[in-house]
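Notes follow once the structure below has been shown.
The values are calculated or read from the model by the stated rules, or taken from the named source; none is laboratory data. Treat the numbers as computed from the prediction; the structure is a model and nothing was measured. For neighbour counting, all protein chains shown are included, and Cβ atoms are generated from backbone atoms with ideal geometry for every residue, glycine included. All accessible areas refer to the heavy atoms of the entire protein, side chains included, with ligands and DNA or RNA removed. Shrake-Rupley method; radii C 1.70, N 1.55, O 1.52, S 1.80 Å.
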Amino acid sequence: MQRAKPRSASHILNHVNLPANHPLLDGRTADSPLIRAYRGDRPEKTPVWFMRQAGRSLPEYRELRTGTAMLDACLDPALSSEITLQPVRRHHVDAGIFFSDIVVPIKLAGVDVSIVPGRGPVLGAPIRTEADVEALRPLDPDALAPIAEGVARTVDELGVTPLIGFAGAPFTLAAYLVEGGPSKDHLRARTLMHADPATWNALLGWAADVTGAFLRAQVLAGASAVQLFDSWVGSLSVADYEQHVAPFSARAISHVKDLDVPVVHFGVGTGELLPSMHAIGVDVMGVDDRIPLDEASRRLGAEVPLQGNINPALLAAPWSVLEAHVLDVIERGRAARSHVLNLGHGVPPETDPDVLTRIVELAHA
Ligand code: CP3
């Protein structure tokens, strides 16, 4: 995976499809520690951000969200922008991640979905049969206007700090669509891919294009990198992943390939799947906390940049315990070509936000 150096003429040529005032092109973010690390460079300070850094761990978030449903907040550009900026101001992390949700583009495509607090995405009716899938409509790009506006406002405020856009991967979306809501082991989805492969392929193809359009809108509006979350993919065997899932994840990111922004790919419990997930054509692998970074690097090859993987359970441990763990994560991350410090999964809502600020200070020290 040979990447042009930032600022070289060939590199800029790869960006021709981005607007000229995009932060990667106008000098704001191309040399930021995050983007340099995503491109395989080792900046002086280890860049750090946290999955779910915006959200319930922050009192300013809880105050702002009072009285507004989750998906309504996501579709209000002033609100989504302010919530995205809150953790950047507070923790001085090296990136913002756009405040939204993986089911937002599905809702914008007309599916009846809401987010139930403490539970997650719940559908009015599950999508399981050939007729259910045939009734799905493509996403009208105009429906993404509130997302593009939220991103553009955020990027204007962020200055030299890059914004990460994100989307859910087709399998993780299907894990909600087929089940009709959150499930422990996504059994119905894993049955459908074998019982009715034609319906499965049609569903994942639809999801890939909907989620790909969501990613593209965020990049064109100013996101400098993207992360594809396949959170629940760890429930699959390598064979099922490669046959029934990987082609659709590749199709999702094909929607941003011509824009040449770094693509990060992450899932939970993916120790066995890391090489197959990398092979869909991503730049950086996010690693959860079940496998040490030096072992992940051995499995992926030392040239692959890694992101991760502080154990979220240790955020509530005494600082001396957490500090030793963070330093160990940074040390093991040296096995890889480059490393962006993050958690192994999202910030738990009950986390003391001061602990996150302290981790950023430690990473930057
Ligand atoms: O700061 C960030 O990381 C950006 C925001 C973000 C949210 N959802 C906001 C959110 C991101 C990146 C997501 C992605 C997402 N959503 C994923 C993939 C990442 C992961 O955690 O694995 C998944 C699986 C979902 C589905 C989903 N949405 C769940 C499981 C939940 C939690 C339900 C609950 O209440 O515990 C949501 C809701 C959600 N998305 C919240 C937030 C801040 C909580 C809603 C609230 O504050 O009321």
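Determine the distance separating the Cα centre of region 51-123 from the Cα centre of region 140-195; give it in Å without decimals.
12
Report, please, the projected area of region 92-147 averaged over directions, based on the convex hull of its C-alpha atoms, in nm².
Details: hull surface 23.1 nm².
Seen from a random direction, the Cα hull of region 92-147 projects 5.8 nm² on average.
Once you charge only the Cβ atoms, +1 for Lys and Arg and -1 for Asp and Glu, what is the size of the charge dipole of region 9-364 about its Cα centre, to the nearest 20 debye? Working shown, then result.
Values: 29 positive and 43 negative charges, 61 e Å.
Dipole about the Cα centre, nearest 20: 300 debye.
Positive end of the dipole of the chain, charges at C-beta (+1 Lys, Arg; -1 Asp, Glu), about the Cα centre: which of 80, 244, 183 has its Cα farthest in that direction?
With unit charges placed on the Cβ atoms, the residue in question is 244.
What stretch of the chain, leaving out the sites themselves, is the longest with no trypsin sites (Lys or Arg not before Pro) in a DSSP loop having at most 10 other Cβ atoms within 10 Å? Show your work: numbers first, answer last.
Numbers: sites that count: 7, 119, 184.
With a cap of 10 other Cβ atoms within 10 Å, the longest stretch comes to 185-365.
Straight-line reach from residue 257: which aspartates and glutamates have a Cα under 19 Å away, not including same-chain ones fewer than 8 places off?
Straight-line reach from residue 257, under 19 Å: 209, 230, 283.
Nearest-5 percent of antiparallel DSSP beta bridges in the chain? Please report the intermediate quantities before stating the final value.
Working: 4 of 25 bridges.
The answer is about 15 percent antiparallel.
Using each residue's phi in region 209-217, evaluate 6.51 cos²θ - 1.76 cosθ + 1.60 at θ = phi - 60° and report the 3J(HN,Hα) Karplus result to the nearest Hz, with x for Gly and Pro.
6, 5, 6, x, 5, 5, 4, 4, 4
Towards the positive end of the charge dipole of the chain, with charges on Cβ (+1 Lys, Arg; -1 Asp, Glu), say which of 325, 145, 53 has the farthest Cα.
Ranked along the dipole, the leading option is 325.
Would you mind getting the accessible area per residue of the chain, heavy atoms of the protein chains only, 1.4 Å probe, in Å²?
Details: 14440 Å² over 365 residues.
Each residue of the chain exposes 40 Å² on average to a 1.4 Å probe.
Using a 1.4 Å probe on the protein heavy atoms, what percent of the accessible area of region 56-134 belongs to carbon and sulfur? Intermediate values should be presented prior to the final figure.
Details: 1760 of 3430 Å².
Accessible surface attributable to carbon and sulfur in region 56-134 totals 51 percent.
If only Cα atoms are counted, what is the Rg of region 9-364, and what is its Dmax, in Å?
19.1, 56
If N is the number of residues in region 30-124, what value comes out of its Cα radius of gyration divided by 2.2 N^0.38 Å? Can you show the working numbers first?
Working: Rg = 15.6 Å, N = 95, 2.2 N^0.38 = 12.4 Å.
Taking the Cα Rg and dividing by 2.2 N^0.38 Å, one obtains 1.26.
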